[in-house]
Every structure is written in structure tokens, then in C-alpha cells.
Amino acid sequence: MPRWQILFLFSLIFLSSSTSNASVNDFCVADLKGPDSPSGYTCKIPAMVTVSDFVFSGLAKGGNTTNIISAAVTPAFVAQFPGVNGLGISMARLDLAPGGVIPFHTHPGASEILVVTRGIIKAGFVSSANSVYLKTLHKGEVMVFPQGLLHFQVNVAKIHSNAFVSFSSASPGLQILDFALFANDLPSELVAQTTFLDLATIKKLKGVLGGTG
């Protein structure tokens, strides 16, 4: 058999194997009563799917910013918006009172893109090489935060600021650095050893954020 025919047959085999696992469904609305997994929720029975599964109204109203960070995040992730299951997308709304802050945090499962719709937001992220990328964003400006990197947003306007964010996952995950360090039950002495902070500061922060130990 000529060499080109052998290569052609191998390419057909490869294409067949790579497309056999492709989705043949238009969508996979999450069955939130079923198990969640790294690949998402199981699909709701098609006969049970309604247009409501593809519509979420929760981002129309601002969140309550009367809290320790003077900010609120309203998610439209798969748990709130079953229609995004398996599509690799989701959204959230940020509301920040004057001086409000979304503290350093990371999304292990997604990159994020933010657009400011009101006010002025200072935003930034830190790369794995500890390089800082910082920008003051005005209405209509957009910034992207690569997957897994620590980032933050601060309202530097004298009015409430708002932004909408989109994620490259239906369930981007969230870990807030301050809570990871000080809202846990690790012994304060161990936290001091691993952060180089003094014990009094750690105990104070644990008291504020609800940590023990």
C-alpha cells in the first residue's frame, strides 16, 4: 500500500476517535438534584427542560454591600443558572460601595473577564512570577484575569461601582486568600510559621473572619 494511503487511513482513524466522543446534544441543562463532578452535573431529562432553565434574572438587582468588605458578588454559575452546564461559560455581578473591595482571590477552574458598568474600579492580578498587573478601570473598560491567578478589585470612586464578569467555566470555583489563611482551624502558631506574621495579628484576623485555633 502506498505511503500516502497509509497516512490517509491513520488520519481517518484519528478523526473518527476524536469525534466519537463529541457531544451530540444541543445542551445539557444541569440536574441540580444529581451529583456534581469535574465534568459538570448530569443532564436533566429533555422533557423536563423549560425556557426558565436558560434564563437567569438574578443579575438585574444589586447585591447587599453592608458587610465587612462593602461589596457583593451575585453569581450566575451552574448552581444558580442550570442552562450553562457543560457550556464552559458563566457570569457574575459585582457591586462595590465606596471603598468596597473584592479581596485577593483565585478561580481555580476559569479565566475571568470584567467590564465596568458604573464608577471606577482599580483591579489587578499577580502572575506566578510575582509580577503585578494593575489598572484603574472606568466605565466601559475591560480587563482579563488568567485562570488560577490571584486578583482583586477595589472601588476607588466616591459612588457605588458596578461590574459584570464572565468566566470560562460554568463552575469557576473560588478561594479567597484572607479566608483561606484566617477563617480556618489551623493552629495560629502554624499560620505564623508559614506566613511570617506575628501571632497577635493572626489571632486578631482570625477573630474578625471567624477562624479558630
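Taking the options GLY86, GLY63, GLY100, name whichever one is of a type outside the set (Ser, Thr, Tyr) and closer than 19 Å to GLY173 by Cβ.
Details: GLY63 fails: closer than 19 Å to GLY173 by Cβ; GLY100 fails: closer than 19 Å to GLY173 by Cβ.
Within the list GLY86, GLY63, GLY100, the selection yields GLY86.
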Of residues in the stretch 93-140 being among the polar types (S, T, N, Q) and in contact with a Lys or Arg (Cβ under 7 Å, 6 or more places away or on another chain), the one farthest from ALA157 (Cα to Cα)
THR117
Of the criteria (1) modelled with pLDDT of 95 or more; (2) open to solvent by 70 Å² or more (accessible area, probe 1.4 Å); (3) not in a helix (DSSP H, G or I), which one ALA72 fails
(2)
Return the total of residues in the stretch 46-59 being within 15 Å of GLY86 (Cβ to Cβ) and open to solvent by 90 Å² or more (accessible area, probe 1.4 Å).
1
Please give the number of the condition ALA30 fails out of (1) within 17 Å of the chain's Cα centre (by Cα); (2) crowded, with 21+ Cβ neighbours inside 10 Å.
(1)
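Where in the stretch 107-180 are there strands (runs of 3 or more DSSP E), lying wholly inside it, with at least 1 residues that are among the charged types (D, E, K, R) and surrounded by 14 or more Cβ atoms within 10 Å (Cβ to Cβ)? Full working, then the answer.
Numbers: elements: 112-118, 120-126, 132-138, 142-145, 150-155, 161-167.
The qualifying strands (runs of 3 or more DSSP E) are 112-118, 120-126.
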In this structure, is VAL78 under 30 Å from GLY34 (Cβ atoms), at pLDDT 95 or above and assigned to a loop (DSSP other than H, G, I, E, B)?
yes
Yes or no: the stretch 188-211 includes at least one residue that is assigned to a strand (DSSP E or B) and either polar (S, T, N, Q) or open to solvent by less than 60 Å² (accessible area, probe 1.4 Å) (or both).
no
Qualifying residues in the stretch 75-105 (those that are surrounded by 22 or more Cβ atoms within 10 Å (Cβ to Cβ) and among the polar types (S, T, N, Q)) - the one nearest to LEU177 (Cα to Cα)
SER90
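The values are calculated or read from the model by the stated rules, or taken from the named source; none is laboratory data. Just so you know, these numbers come straight off a predicted model, no measurement behind them. Heads up, the Cβs are rebuilt from the backbone with ideal geometry, glycines too, and the neighbour counts pull from every protein chain shown. Just the protein is used for accessible areas: all its heavy atoms, side chains included, with ligands, DNA and RNA removed. Shrake-Rupley method; radii C 1.70, N 1.55, O 1.52, S 1.80 Å.
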